[in-house]
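Here's the structure we're looking at; comments come further down.
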Amino acid sequence: MADSQKKTASKTTSKTTGGAAEGFTPEERAAMKERAKEVRASSRRLSREERAAQDEAAVVEKIAEMEGSDRAMAEQVHAIVRASAPELAPKLWYGMPAYARDGKVVCFFQSAAKFGARYATLGFNDTANLDEGTMWPTAFALTGLAPAEERRIRDLVRRAAG
């Protein structure tokens, strides 16, 4: 490959990866570092009760660090999940509040600020029991939570945990 072709390929790669040589944005790299820290913390030997209390405190602390509408929505989602599906255990997942069954994340809240998005996200992983035929949504954009949205989240969380 000629030098001019190498330079063009390098510029193209840089443009398509947001300027990051590794292909990840600074926000994505930060999330991966948070996940590595979470994995290290979970490897500490604690009783089940101590682990649950530690995880719950970490989620509440992460929510408290959020600002404005992200914090308000995260607090509402946390309260809804805890009331609607108490069997789901709060935990951090890539630095986001998440709720797991048997150690596997069922649903999570991602603040808009986390990746500079225009809306927060309530997402469900494949462990969620939301199957509807051959196609169904697994993530929902949140810009606010009125009573109608709260009811829908309650229903989704109950189904997901079921």
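Values in this text are rule-based calculations from the coordinates and carry no lab data. Just so it is clear, the model here is predicted, and its values are computed rather than measured. Note: ideal-geometry Cβ built from the backbone for every residue, glycine included; neighbour counts use all protein chains shown.
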* When both residues are 6+ apart or on different chains and their Cβ atoms are under 9 Å apart, which pairs have a first residue that lies in the range 135-152 and is free of Cβ contacts under 8 Å to residues at least 24 places away in the same chain, and a second that is surrounded by 13 or more Cβ atoms within 10 Å (Cβ to Cβ) and among the hydroxyl-bearing types (Ser, Thr, Tyr)? -> Ala139/Thr121; Phe140/Thr121; Ala141/Tyr119; Ala141/Thr121
* Structure fact -> Note on Glu28: of the conditions (1) charged (D, E, K, R); (2) in contact (Cβ under 8 Å) with a residue 60 or more places away in the chain; (3) in a loop (DSSP other than H, G, I, E, B), unmet is (3)
* To do: Search the range 41-67 for residues that are in a helix (DSSP H, G or I) and pair each with any residue that is loosely packed, with under 10 Cβ neighbours inside 10 Å when their beta-carbon atoms are under 9 Å apart and the residues are at least 6 apart or on different chains.
  => Ser42/Gly103; Arg51/Arg44; Gln54/Arg44
* The one condition in (1) assigned to a loop (DSSP other than H, G, I, E, B); (2) of a type in the set (Gly, Ala, Ser); (3) in contact (Cβ under 8 Å) with a residue 24 or more places away in the chain that Ala160 fails to fulfil -> (1)
* Going through the range 116-146 one residue at a time, which ones are of a type outside the set (Phe, Trp, Tyr), closer than 17 Å to Trp93 by Cα, outside any loop (DSSP other than H, G, I, E, B) and touching a helix residue (DSSP H, G or I) at 6+ places or on another chain (Cβ under 9 Å)? -> Ala120, Thr121, Leu122
